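Okay, so here's the structure we're looking at.
The values are calculated or read from the model by the stated rules, or taken from the named source; none is laboratory data. As the structure is a computational prediction, the values presented were derived from the model and not from experiment. A quick note on method: Cβ atoms are made from the backbone with ideal geometry, for glycine too, and the neighbour counts reach across all protein chains shown.
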Amino acid sequence: MAPHGDNSPNTLDCIAMPRIEMTEGVSTLPREAWNRLVVDESPFLEWDWLASLEETGCVGGNTGWIARTLVAYEDESDGKPQELLAACPLYIKFNSEGEFVYDHGWSHAAERAGIAYFPKLLVGVPFTPVSGARFLVAEGQDRVQWARQFGAALREICNEQDISGAHVNFCRPDEVDALAEMGFDKRVGFQYHWKNRDYKNFDDYLQCFRSKRRNQIRRERRELEKQGARLQFYVGDEVTPDVMKEMFRFYLANIENHHYWGRQYLNQAFFDVITERFRDRLQITLAWQGDEAVAGTMNVFKGDVLYGRYWGTDRHLRHLHFNTCYYAPIEFCIERGLARFEPGAGGEYKQVRGFDAEPTVSGHYLKDDRLAHAVRAFLVQERDQSAQTIEWFREQSALKPRSQE
């Protein structure tokens, strides 16, 4: 695949026409054209979310994230406007912060071997460990074939430029299989997801637990009431600037509470912008004690899925976290008939509260053969370990088998 023009990574010829080009961030593309590719995919791929991150400075500048996109347009004909056929959100990374597919060990190994690990390329959504399509295509296009072509384009950029590799995080299984054909290595992790078995209400959901765990959850929910706290949902027009101001305050509080591990990726401007642009996708839960908000969670929903994103509190109340981050969203899903709740990365304590392990996949290409060989050997072992762990957690599910309900 020959470079287009000079050796700049800004444009390149794909395996087959039409040409794939690297452009500036998503915010520079027409909103309608981008969202025509997203359609029913993850809400975090929508123009409003990605462009808001760029426009408010959450990416760009000195953040370590330089926003780019790979795009492919139909061939020019008869002077008609070109249609966007395929695209993916791309970032030039100068650190490994905010990715949630942890490669710090790889970068440290590269440094010890005298191999430059940064900059690197990342296809994904900043600060968002949510799986979904990473290669977006217009109706009628073959997404898997485009995944192969984008994979080839990513490799070419790395090979011809001072870029160590390309990483496609939280992609779909068929995409990672297509990338494997282009020399990418598959990585498997897992998260805990909640699935709706057509529960009528929260008590109906509790019947799926064995008595010990069911009684424990009931005690945890009663404990919040004993402390004089109540939870309130906010959706649509109820998500006012005042509600989001409280949510940002709790977001900052959670970062402060985590001390060394806390990272502030978002700013007040981002919260202000998505209040206007993304309100119809937001679900906020605030915990109130008297007339004072003491905790909050920000979730995002689209289609039949709820995604947990941010939480925080400035007051220690027993079982506040479990109630606000898990039980309240589950109740919201049951009320709305949503099929799945993905609360985010980490947390084995989710498993005992009815969340089961689900695999996540990513694809990784490293230009340096020495580093690639070492990482490939590591990934073989990690995939086996992840598969065994997922199987073990599923066997130990806190939920009774359907035959026992």
Enumeration of residues in the range 183-213 that are in a loop (DSSP other than H, G, I, E, B) and farther than 15 Å from Phe341 by Cβ
Gly183, Phe184, Lys200, Asn201, Gln207, Arg210
Exactly one of Tyr117, Tyr102 is under 23 Å from Gly189 (Cα atoms), aromatic (Phe, Trp, Tyr) and crowded, with 22+ Cβ neighbours inside 10 Å, and that residue is Tyr117
Restricting the range 201-240 to residues that are within 29 Å of the chain's Cα centre (by Cα) and surrounded by fewer than 11 Cβ atoms within 10 Å (Cβ to Cβ), the residue that is nearest to Phe301 (Cα to Cα):
Gly236
Among the residues of the range 49-63, is there at least one that is assigned by TED's automatic domain parsing to the domain that holds Val130 and either modelled with pLDDT under 95 or within 22 Å of Arg172 (Cα to Cα) (or both)?
yes
Among (1) of a type in the set (Gly, Ala, Ser); (2) modelled with pLDDT under 95; (3) crowded, with 18+ Cβ neighbours inside 10 Å, where does Gly346 come up short?
(3)
Among (1) under 28 Å from Asn299 (Cβ atoms); (2) buried (at least 17 other Cβ atoms within 10 Å of the Cβ) - the single one Glu97 does not satisfy:
(2)
So, Phe184, is that one without any contact (Cβ under 8 Å) to a residue 40 or more places away in the chain and buried (at least 19 other Cβ atoms within 10 Å of the Cβ) or not?
no
Scanning the range 352-392 residue by residue, the ones that are farther than 24 Å from Asp103 by Cα, in contact (Cβ under 8 Å) with a residue 24 or more places away in the chain and in contact with a strand residue (DSSP E or B) (Cβ under 9 Å, 6 or more places away or on another chain) total 4
Residue match in the range 389-398 (condition: closer than 30 Å to Arg155 by Cα, assigned by TED's automatic domain parsing to the domain that holds Met182, in a helix (DSSP H, G or I) and modelled with pLDDT of 95 or more):
no
